[in-house]
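The values are calculated or read from the model by the stated rules, or taken from the named source; none is laboratory data. The model shown is predicted, which means the values in this text are computed figures rather than measured ones. Reconstructed Cβ throughout: ideal geometry from the backbone, glycine too, with neighbour counts over all protein chains shown. When the accessible area is computed, the model is the full protein with side chains, heavy atoms only, and any ligands, DNA or RNA have been set aside. Shrake-Rupley method; radii C 1.70, N 1.55, O 1.52, S 1.80 Å.
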Amino acid sequence: MPLPFGDLRARPYGERRAALLDVLSGLPANSPIQAVSAARDRHTALTWYNTLQDRGVEGLVAKRAASPYRVGRSGAWQKIRHAETVDADVVAYTGPDARPRTLAVQLPDGRTALTQKLAARIGPLLAAAGPGL
């Protein structure tokens, strides 16, 4: 397949991946740049999901082969994770540094939420950070 040039985002995922693999095939065998593993069948994907978590694989991304690239979230791509995570900043807490009772966290959308569930796990980090956190 000849390598297409230009903006490939409107092309189907299958074509974009083939173009990527074509480009990567020209790199030396010991190159640190590699394509991520991909599978077309559900059985292989589920096997990876169930066996690779210990190697740091947090989950899978399922993509329709015919889907174009979309910036941001897309219904054509689905993330399947072992655990859902959200990055948040601790903006306040109640109780002692070593064992806070409640955390106030600022979420990515700007909202502030209170949580007791994570407070004990965060305590050692707060104590290590010292005053002025």
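At an R0 of 41 angstrom, the distance between the Cβ atoms of residue 127 and residue 46 translates into a FRET efficiency of 0.50. Peptide packing for 40-50, 22-32 was compared via the average number of neighbouring C-beta atoms within 10 Å per residue; ordered from the highest value, the list is 40-50, 22-32. The helix-only estimate of mean residue ellipticity at 222 nm for the chain, built from DSSP H runs of length n ≥ 4 each weighted as -39500 (n - 2.57), is -7500 deg cm²/dmol after division by the residue total.
A simple rule links phi to the HN-Hα coupling: the Karplus curve 6.51 cos²θ - 1.76 cosθ + 1.60 with θ = phi - 60°, which for the stretch 29-43 gives 4, 8, 5, x, 8, 9, 7, 6, 5, 9, 9, 9, 10, 4, 4 Hz, with x for Gly and Pro.
Protein heavy-atom surface of the chain, 1.4 angstrom probe: 54% of the accessible area is carbon and sulfur, with nucleic acids and ligands not counted.
In this structure, the amide hydrogen of residue 92, modeled 1.01 Å from its nitrogen in the peptide plane, lies closer than 5 angstrom to those of 104, counting only residues at least 5 positions away or on a different chain.
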